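The values are calculated or read from the model by the stated rules, or taken from the named source; none is laboratory data. Keep in mind the model is a prediction, meaning the values are calculated, not measured. Neighbour counts are summed over all protein chains in view; Cβ atoms, including those assigned to glycine, are modelled from backbone coordinates with ideal geometry. Protein only, heavy atoms only, side chains kept; ligands, DNA and RNA dropped before computing areas. Shrake-Rupley method; radii C 1.70, N 1.55, O 1.52, S 1.80 Å.
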Amino acid sequence: MADLKRDWVLTQSAFQHFLKWLDGGVDSGGERYLEIRRRLVFYFDRRNCASLDELAAETLNRVARRLEEKGAITD
């Protein structure tokens, strides 16, 4: 199971589903995604983490994967 998660690749359809979920059905043209990504980079920077962009991307990919696997995120 851990290998499946590690090998998961964000597809175009999974990304579109993720954007739609983030926007709550209102198309923001990706602005909501970019704002969350910016805030994640800021969050990791305040904690003196290395590879800020990679950490933000990994966080968003994990959320997209969970959404794709479960169909919804309620917690």
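Label sites at ASP7 and ASN61, each approximated as a point 7 angstrom past Cα along Cα to Cβ, lie 1.5 nm apart.
Taking the square roots of 5 times each eigenvalue of the Cα gyration tensor of the stretch 8-53, largest first, gives ellipsoid semi-axes of 24, 14, 6 Å.
Between LEU34, LEU19, LEU60, the residue with the greatest mean-square fluctuation in the GNM of the chain (Cα pairs under 10 Å linked by springs) is LEU34.
For the chain, the mean residue ellipticity at 222 nm estimated from helices alone is -22500 deg cm²/dmol, where every DSSP H run of n ≥ 4 contributes -39500 (n - 2.57) and the total is divided by all residues, rounded to the nearest 500.
Solvent-accessible surface of the chain, taken per residue with a 1.4 Å probe and all protein chains present: 76 Å². Rounded to the nearest Hz, the phi-derived 3J(HN,Hα) couplings of the stretch 29-39 under the Karplus curve 6.51 cos²θ - 1.76 cosθ + 1.60 (θ = phi - 60°) are x, x, 4, 4, 4, 5, 5, 5, 4, 4, 5, where x marks glycine and proline. Sequence-distant contacts, meaning Cα pairs under 8 Å at least 6 residues apart, place the relative contact order of the chain at 34 percent. For the chain, applying the loop criterion from DSSP together with a ceiling of 14 other beta carbons within 10 Å to the chymotrypsin sites (Phe, Trp or Tyr not before Pro) yields no site.
Whole-Hz Karplus values for the stretch 13-23 come out as 5, 5, 5, 4, 4, 4, 4, 4, 5, 4, 7 Hz, taken residue by residue from phi with 6.51 cos²θ - 1.76 cosθ + 1.60 and θ = phi - 60°; glycine and proline positions read x.
Split the accessible area of the chain by element, probe 1.4 Å, and carbon with sulfur accounts for 51%.
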